[in-house]
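The values are calculated or read from the model by the stated rules, or taken from the named source; none is laboratory data. Being a predicted model, the structure only gives us computed values, none of them experimental. Backbone-built Cβ (ideal geometry, glycine too); neighbour counts: all protein chains shown.
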Ligand code: NAP
């Protein structure tokens, strides 16, 4: 009999990429899919396995009938549903994109190219909760996994350049609106030869202070700007986004000591894909060819980008990587400011390897056992 799998949050950024990947891989063939919504129950759902009606995501009687639940709805939904459902005796597999359950003792953070064995071990001891990692964490581990596995890393310092869509559908829409607003503010002047570029720049920058400038989601202009703050403040002057990196990465790596990883997370006005610059303190000197081999051997999705202008501008950017499973790794160079310091720039699609793909693959693993 086919497993009944409930999908919650399938309309959002992560959920819609998950559904798209499942269609591409024919993953709906072996399941009975039920689609839920927090806002549109009773309306038609996606036309998969024939037409279907959206179920109410807060209808526990219906949720209790699921063998597996995949939630891409977000932390608030998980917080309001998961414990209650378990409390009602539901013993199915819960697969989640949100951060709420990642550090729970009885949950495993999933990224099978890195921790497949831990995932199988967890399944064998009866773990039922599988959570995707933070997007920058998963993308960092996909990029640097070889160096971690070969115990070559003393510490990592990161600077992130995170896309608008990393914050959700409403945010990417707002970025597009902001871009349109900026253009509209100077479109007439662009045609006038007598209008100086400094004047145009001034009008555009000033328009971000207009009362109507759209910034309800980001709380600040992102178009033409950089926002070096993501999520809330935690201890020691870190943001929660920054704090997650060390704790989640070490949990996924199942390391027996805490590998130091810290840095600054920033939101930039790109649409999709997170970029990261890493400074890595290696435990020993390695030749460049050794570094390339170690990185490449860890997984099949890594693309080493030659360190030259043409390759970097064409292959090591969000637009080059968007919509693919590639993990572009480039600007690899030994830094001149100290011993065994390596610099790497990496770009990955935060909606694929950073979110939907590990969840999809976890679902397939659970269906195969
Ligand atoms: P999202 O795009 O904001 O979608 C979440 C829900 O918002 C949707 O399922 C939908 O629920 C509702 N929604 C409201 N307006 C919408 C619109 N215009 N278009 C589509 N959906 C709309 O959130 P998300 O970015 O997918 O994130 C989901 C979870 O994954 C979060 O916990 C997030 O932290 C995590 N995550 C996100 C990323 C990322 O790159 N975005 C990466 C890793 C992890 P209803 O249909 O029920 O109304």
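The table for this structure:
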quantity	calculated
Residue in the stretch 136-148 that is away from the ligand (no atom under 14 Å from the Cβ) and farther than 18 Å from residue 248 by Cβ present	yes
Test result for residue 124, more than 16 Å from the ligand (Cβ to nearest atom), outside the structural domain of residue 302 (by TED's automatic domain parsing) and crowded, with 21+ Cβ neighbours inside 10 Å	no
Hits in the stretch 94-121 - residues which are surrounded by 21 or more Cβ atoms within 10 Å (Cβ to Cβ) and touching a strand residue (DSSP E or B) at 6+ places or on another chain (Cβ under 7 Å)	94, 95, 96, 97, 101, 102, 108, 109, 110, 119
Test: residue in the stretch 40-56 that is in contact with a helix residue (DSSP H, G or I) (Cβ under 8 Å, 6 or more places away or on another chain) and within 18 Å of residue 168 (Cβ to Cβ)	no
Flag if residue 189 is at positive phi and more than 16 Å from the ligand (Cβ to nearest atom)	no
Failed item, numbered, when residue 181 is tested on (1) at pLDDT 95 or above; (2) in contact with a helix residue (DSSP H, G or I) (Cβ under 7 Å, 6 or more places away or on another chain); (3) surrounded by fewer than 15 Cβ atoms within 10 Å (Cβ to Cβ)	(3)
Some residue of the stretch 329-340 being in contact with a strand residue (DSSP E or B) (Cβ under 7 Å, 6 or more places away or on another chain) and crowded, with 22+ Cβ neighbours inside 10 Å	yes
Residues of the stretch 293-310 classified as more than 25 Å from residue 356 (Cα to Cα) and crowded, with 17+ Cβ neighbours inside 10 Å, total	1
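For every residue, the table says whether it meets (1) out of contact with any helix residue (DSSP H, G or I) (no Cβ under 9 Å at 6 or more places or on another chain); (2) more than 20 Å from residue 165 (Cα to Cα).
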| residue | (1), (2) |
| --- | --- |
| 213 | no, no |
| 217 | no, no |
| 222 | no, no |
| 227 | yes, no |
| 230 | no, no |
| 236 | no, yes |
| 241 | no, no |
| 245 | no, no |
